[in-house]
Amino acid sequence: MSNALRATLLSLFGSLALGCASPGPPPGPTAATATPSTPADLVITAGVVRTMDPAKPRAEAVAVRGERIVFVGSAADARALVGPGTRVVELPGRAVVPGLVDGHAHLYGLGTALETPSVRGAKSAEEAAAVVAEAAKARPRGEWITGRGWDQNRWPGAAFPTHAPLDAAAPEHPVALRRVDGHALWANAAAMRAAGVGKGTQDPPGGRILRDATGAPTGVFVDSAMDLVEARIPADPPAVRERRILRAAEAALAVGLTGVHEMGIDDETVAVYRALAAAGRLPIRVHAYLAGEGALDGLKGRAPDVDPAGTAMFVLRGVKLFADGALGSRGAALLEPYADEPSTRGLLLMDREALARAARLVADAGFQLAVHAIGDRANRAALDAFEALGPGRAAALRFRVEHAQIVSPDDLPRFAALGAIASMQPAHATSDMPWAPARLGPHRLKGAYAWRSLLASGARVVFGSDFPVEEPSPLLGLHAAVTRQDLSGEPPGGWTPEERLDLDEALLAFTAAPAYAAWAEGQRGRIAPGYVADLTVLGRDLSPDRSLVDTPVDMVVVGGRVARGPAPR
């Protein structure tokens, strides 16, 4: 373990910075004081236990009683905690790590994506339309067809599509397909008619309707303009929301996740999450954020959830706002024009004054603010809003910047100075690297996907995937973080390799760092006595190379319960 990583871990788990109150009681009995006469419920022995505990970085065995870890140490010493009712799981050659957590995900969005047509990977607009045509065969006339995943950057010419292919594929169904990043919508003529959108429809603030030479909408709506169409799509009933959450949660468990930070849901979805958690049916932990400016009106008289023990399965703690759009649809707000479209600098979805007012409102209500900011102009606006709150206030409430993809070098040190969490997604770098240089030009790559620079400045960096924008496996994120290469090994040595992380630093960003961002650093995020027993068991020890993405997930433990893994023996 490097000295830098040890210092970071001590910062996360030692005396709590910034005058924040401890989120819970101190950890329980140490290995030396665990009582052998009280057997554990579960004992796991493995090839290596990567604890993320600076006092004991590696071990051979973990023992769990109830929801908490009671012992971490040698396999021989763990035998003292084995009784008649103890479940013993021997996994030689495997690796146990703290439960992996996706620090920026859309769990309900994944459930929706799993149940709706996917055009992810389509190599042309016509190929995507063929997926829609197949879906239309099984739908009654007039029923909406929704889906996600198109990316014009992968198509010949990289041009945005028009509504014509979708009209031909499903002329009697309104069709609305979100781009892979969720920041643009592709609609057919039936959907635009249902929405009342035509040549005379004005671009809404923070949005853009793409138009042909006559001024008529082409069928692509960017950022806030998507609402013009999506407002007409029928809402999902509670039973559908429940089914989608549970399906997505099982998919998350399958890739080794014990929890997610659910980035932007409405109150109807919150109610379903609460019901599932209360009934003991939610299999992973969800730290949730209300979505968008509409959530601000309801904050007065409302308090965030707190979880001092760190054992709650659902916590609603924050609000997510959008400062800009996405780089792929040229909606990310840049300080200078796009290199490949000089007529635009992207879209600020909230102006600087509105963002500052919203930050103060969220802070006054005691909620945690997460601001989506991809372009350097949007990141500066978010940091300015945090700074305007006054010294230490954004840090005390653990305000976050989501994505922080393109940051001016002048603004990189401000994350640490303000105590702002940089919530980033390593796979975005390897997905975007084929076309991001064309969008930005070479001079702006210095602050692009700058994980190493932010860590070196003293900032806290949390990793996630943004699924379903990217695939949900955290192992893909670990691979991107340590190699900055795609799955074929390109480019040799990695894209802007100076921003790579080492394996322990990347693992920290999927374990201890999200625990801090969820106010649970005294309870979760490392393997130590007294901590909640959230564990991910991998099929082999980890290496900082291509083998990461092929590493199997053998077992997942959430709160001491084996949620996925080998059958009891």
- Compute the semi-axes of the equivalent ellipsoid of the stretch 498-569, taking the square root of 5 times each eigenvalue of the Cα gyration tensor, and list them largest first in whole Å. 22, 20, 8
- Message: Between the stretch 61-91 and the stretch 307-349, what is the separation of their alpha carbon centroids in Å?
- Response: 44 Å
- Solvent-accessible surface (1.4 angstrom probe) belonging to K123, in square angstrom, nearest 10: 130 Å²
- Message: What are the ³J(HN,Hα) couplings of the stretch 488-494, residue after residue, when phi is run through the Karplus curve with 6.51, -1.76, 1.60 and θ = phi - 60°? Round to Hz, x for glycine and proline.
- Response: 8, x, 9, x, x, x, x
- Here the relative contact order (percent) of the chain, from C-alpha pairs under 8 Å and at least 6 apart, is 18 percent
- Item | Mean separation of Cα contacts under 8 Å (6+ apart) over length of the stretch 304-453, as relative contact order % | 22 percent
- Give the accessible surface of the stretch 133-260 per residue, rounded to a whole number of Å², with probe radius 1.4 Å and ligands, DNA and RNA excluded. 42 Å²
- Query: For R65, which sequence-distant residues (separation of 5 or more, or a different chain) have an amide H within less than 5 Å of its own amide H, given hydrogens modelled in the peptide plane?
  - Reply: D41, V70
- Task: Step through the residues of the stretch 346-354 one at a time and calculate ³J(HN,Hα) from phi using the Karplus curve (6.51 cos²θ - 1.76 cosθ + 1.60, θ = phi - 60°), rounding each to whole Hz and writing x for Gly and Pro.
- Result: x, 10, 8, 6, 10, 6, 4, 5, 5
- Message: Taking just the alpha-carbon atoms of the stretch 61-138, what radius of gyration and Dmax come out, in angstrom?
- Response: 23.3, 64
- For the stretch 101-189, the convex hull over Cα atoms projects on average to an area in nm² of 6.0 nm²
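Which translational diffusion coefficient, to the nearest whole µm²/s, is obtained for the stretch 244-338 from the Stokes-Einstein equation, given a Kirkwood hydrodynamic radius over C-alpha pairs, 20 °C and 1.002 mPa s? Working shown, then result.
On the way: Rh = 15.1 Å.
So the translational diffusion coefficient is about 142 µm²/s.
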- Item | Solvent-accessible area of V306 with every protein chain in place, 1.4 Å probe, in Å² to the nearest 10 | 100 Å²
- Per residue of the stretch 471-481, in order, report the coupling 6.51 cos²θ - 1.76 cosθ + 1.60 (Karplus, θ = phi - 60°) as ³J(HN,Hα) in whole Hz, putting x for Gly and Pro. 5, x, 5, x, 5, 5, x, 4, 4, 4, 5
- Item | Value at 222 nm in deg cm²/dmol, rounded to 500, when DSSP H runs of n ≥ 4 in the chain each add -39,500 (n - 2.57) | -8000 deg cm²/dmol
- What lysines sit close enough to K320 to cross-link, taking a C-alpha to C-alpha distance under 22 Å and skipping anything fewer than 8 places away on the same chain? K300
- Per-bin percent of Cα-Cα distances, the stretch 443-554 [5 Å]: 2, 11, 18, 23, 22, 14, 6, 3, 1, 0
- Message: With equal scatterers on the alpha carbons only and no solvent term, can you work out the Debye log10 of I(q)/I(0) for the chain at 0.05, 0.07, 0.12 1/Å?
- Response: -0.20, -0.40, -1.17
- Cα-only radius of gyration and Dmax that characterise the stretch 158-256, units Å: 15.8, 51
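Beyond 15 Å, what percent of the Cα pairs of the stretch 339-388 remain?
Result for the distance tail: 46 percent.
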- Query: At a probe size of 1.4 Å, how large is the accessible area of L397, to the nearest 10 Å²?
  - Reply: 30 Å²
- Note on the structure: Toy charge model, Lys and Arg Cβ at +1, Asp and Glu Cβ at -1: the chain dipole around Cα centroid in debye, rounded to 20, equals 880 debye
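What percent do you get for the relative contact order of the stretch 130-233 when only Cα pairs under 8 Å and 6+ apart count?
On the way: 188 pairs, mean separation 25.3, N = 104.
With pairs under 8 Å counted, the relative contact order is 24 percent.
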- In what sequence, highest mean first, do 402-409, 206-213, 261-268 appear when ranked by Cβ atoms within 10 angstrom? 402-409, 261-268, 206-213
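The values are calculated or read from the model by the stated rules, or taken from the named source; none is laboratory data. Since the structure is predicted, the reported quantities are computational estimates derived from the model, not experimental observations. Virtual Cβ from ideal backbone geometry, glycine too; neighbours counted across all protein chains shown. Heavy atoms of the whole protein, side chains included, go into the accessibility calculation; ligands, DNA and RNA do not. Shrake-Rupley method; radii C 1.70, N 1.55, O 1.52, S 1.80 Å.
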